[in-house]
Amino acid sequence: MNSAAFIIIAILTLGAALAAATLQKLMHAALSFAGAFVGVAALFFLLGAEFVGLVLVFIYIGAVAVLIVFTILLTRRDVGKDRGFNWSGVAIAVAVFSGLTWSILKTQSLSIIAPHIRALTVKRVGEALMTSYVWPLQCVGLLLTAALIGALVLVMEEKR
């Protein structure tokens, strides 16, 4: 069952990613981009990495993809304009896919058994963030706040 689920999720994820790279309408491309993120999160859930899957859902789908969609909706002035077929997107997607496939097949560590490590729980991640990584966490929060303010400044229209 797991291998069949993996194959189905992988095909849907690759299809959504290819659609994001090639669709003519920018809004459809952004929504299929979010669909590709859903597929990657489903693969993490299938692998048993629920925390990483939830982080992917909350941050990438809940924040980044929604931010991209809202940016498209707020800044687009040429709604009726079509971009045409994006051959450069297809070329870049095929190049990245073939490069990743080549590097995975050439890796020697695929036959090595991984050492047993403790299970990574949300409690351990929270303790690490609040003890060892307080300053980087605060810097990332400040950077994201500055990015949000910058995006709002770019999107706001001046009143005359």
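The values are calculated or read from the model by the stated rules, or taken from the named source; none is laboratory data. What you see is a predicted model; the values in this text were computed from it and never measured. Counting neighbours? That spans all protein chains shown, and the Cβs are built from the backbone with ideal geometry, glycine included.
Could you identify the single residue in THR101, THR145, THR71 that is among the polar types (S, T, N, Q), closer than 18 Å to GLN24 by Cα and either assigned to a helix (DSSP H, G or I) or modelled with pLDDT of 85 or more (or both)? Give the steps one after another, and end with the answer.
Numbers: THR101 fails: closer than 18 Å to GLN24 by Cα; THR145 fails: closer than 18 Å to GLN24 by Cα.
Answer to the selection: THR71.
Can you report the number of residues in the stretch 129-142 which are in a helix (DSSP H, G or I) and more than 24 Å from the chain's Cα centre (by Cα)? First the steps, then the outcome.
First, pick out the residues of the stretch 129-142 that are in a helix (DSSP H, G or I): 129-131, 134-142.
In the following step, the residues that additionally are more than 24 Å from the chain's Cα centre (by Cα) were identified as 130-131, 134-135.
The number of residues fulfilling the criteria is 4.
Collect the residues in the stretch 33-50 that are under 24 Å from ARG124 (Cα atoms) and surrounded by 14 or more Cβ atoms within 10 Å (Cβ to Cβ), keeping them in residue-number order. Write out each step before concluding.
From the stretch 33-50, those under 24 Å from ARG124 (Cα atoms) are 40-50; that's our starting set.
Listed by number, the residues that qualify are VAL40, ALA41, ALA42, LEU43, PHE44, PHE45, LEU46, ALA49.
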Number of the condition not met by TYR60 [criteria: (1) out of contact with any Leu (no Cβ under 6 Å at 6 or more places or on another chain); (2) at pLDDT 85 or above; (3) not β-branched (Val, Ile, Thr)]: (2)
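Here's a check for you: in the stretch 104-119, which residue that is closer than 19 Å to ALA49 by Cβ and in a helix (DSSP H, G or I) is modelled with the lowest pLDDT? Give the steps one after another, and end with the answer.
Taking the stretch 104-119 as the starting set, the residues that turn out to be closer than 19 Å to ALA49 by Cβ are 104, 109-110, 113-119.
Now narrow it down to the ones that are in a helix (DSSP H, G or I): 104, 109-110.
On the way: ILE104: 85, SER109: 69, LEU110: 62.
The qualifying residue modelled with the lowest pLDDT is LEU110.
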Qualifying residue in the stretch 24-43 (condition: β-branched (Val, Ile, Thr), assigned by TED's automatic domain parsing to the domain that holds ILE92 and under 24 Å from SER3 (Cβ atoms)): yes
